[in-house]
Amino acid sequence: MARILTGIQSTGVPHLGNILGAYLPGVELSRQPDNQALFFIADLHSLTTIRDKALLQQNSFSAAAAWIACGFDTNQGILYRQSDVAEVCEITWYLNCMTPYPMLANAHSFKDKSSRLSDVNAGLFTYPVLMAADILLYDADIVPVGKDQLQHLEIARDIAGVFNRAYGETFVIPKASIREDVMIVPGIDGQKMSKSYQNTIQIFQSESGLKKNINKIITGSEPLEAPKHPESCTVFQLYALLSDSHEQASLRAQYLGGNFGYGAAKTILFERIMDRFSRERSEYERLMQHTPEIETILLQGADKARGIASSVLRRVRDTLGFSTK
């Protein structure tokens, strides 16, 4: 059995790009009978930028609600909040002492902000070490990552290798699982959908809010009667991610046939999103209105995760020569 581990930062309500690119593929992976899935809410990582207690808690609930709404089975897999398993902080220190400065100085998470060092806190600088701790603490075999996160997994592998060479085989060396067919989900401005670009489509907002959100998608300015070019239209690109080939062909024909406006295309996309995510929207809303239920699920998950983490931590402490009592 392979142990699969993945984490999602609690930085806000998951948007359409998150759902299509991470949540749904993650749930699919967790359902494979030969896998044991550990999914966690990376709220300690979020502390590098978020200073609002209520927002941090709300974001954690939101991420957990999205996982559950998208079909993650918390009876079969383990869903937990990073901060509820304190062992990760202890093992982070041990790994910090094995990590050379140049490795962290070359990490994307630091280099992206290195021109503004006043904005860089120690947590951000050692972000890859905490990520390594998240992985190594659970003897994870496989870590699904996007190409933009591959460097951090390589750092985790390097740190584990340094430790194993110094103290003997202690950590499992994780492998990356990179989906070559990862969806590139465009935002309302045509760029990759991202909270940092403020171009997201929030599928868990109210129906009226979602419609307004979709109506903000930037399109061409061709007159109604003119043919449109579907492949270069963000509305069509988003629709294509949510439909089969027959449905795509039908909408493409309307684009090319003329007398079809972008407003009509946006309405079709809105209806598709509402239909496609009807169950997820309903379950997400129910859970967010009953956050004590989410809290219970997360704490139960943390108990299960701690059973694995405490065993690995005892092994590490024994290796280092510290008391395991």
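Readers should treat all values here as calculations from the given coordinates under stated rules, not as data from a laboratory. Bear in mind the structure is a predicted one, so any value in this text is a computation, not a measurement. For neighbour counting, all protein chains shown are included, and Cβ atoms are generated from backbone atoms with ideal geometry for every residue, glycine included.
Roughly how many Å is it from the Cα centre of segment 16-35 to that of segment 71-101, as a whole number?
20
For the chain, what proportion of DSSP beta bridges, expressed in % and rounded to the nearest 5, is antiparallel?
The antiparallel proportion sits near 5 percent.
Which entries of 113/147; 53/266; 192/228; 111/304 show an alpha-carbon separation above 28 angstrom in the structure shown?
Over 28 Å Cα-Cα: 53/266; 111/304.
About the Cα centre of the chain, what is the dipole size in debye to 20, counting +1 per Lys and Arg Cβ and -1 per Asp and Glu Cβ, all else neutral?
Roughly 500 debye for the chain.
For segment 204-276, build the charge dipole from Cβ charges (+1 Lys, Arg; -1 Asp, Glu) around the Cα centre, then report which of 238, 208, 226 sits farthest towards its positive end.
Farthest along the dipole direction, towards plus: 208.
Taking R0 as 30 Å, what's the FRET efficiency between residue 198 and residue 97 from their Cβ-Cβ distance, rounded to 0.05?
0.15
Helix 262-276 sits at what angle to the longest principal axis of the chain, using alpha carbons and giving 0 to 90 degrees rounded to 10?
50
What spacing in nm lies between the two simple spin-label points modelled at residue 276 and residue 244, each 7 Å away from Cα in the Cβ direction?
Between residue 276 and residue 244, the label points sit 1.5 nm apart.
Please work out the FRET efficiency for the pair residue 49 and residue 317, using the Cβ-Cβ distance as r and a Förster radius of 45 Å; give the result to the nearest 0.05.
0.90
May I ask for the angle, rounded to the nearest 10°, between helix 150-167 and the longest principal axis of the chain, with both axes built from Cα atoms and the value confined to 0 to 90°?
Rounded to the nearest ten degrees, it is 10.
Compute the long axis of helix 53-69 from its Cα atoms, compare it with the longest principal axis of the Cα atoms of the chain, and write down the angle in degrees, 0 to 90, nearest 10.
70
Please report 212, 53, 228 as a ranked list, fewest other C-beta atoms within 10 angstrom at the top and most at the bottom.
Ascending Cβ contact count within 10 Å gives the list 53, 212, 228.
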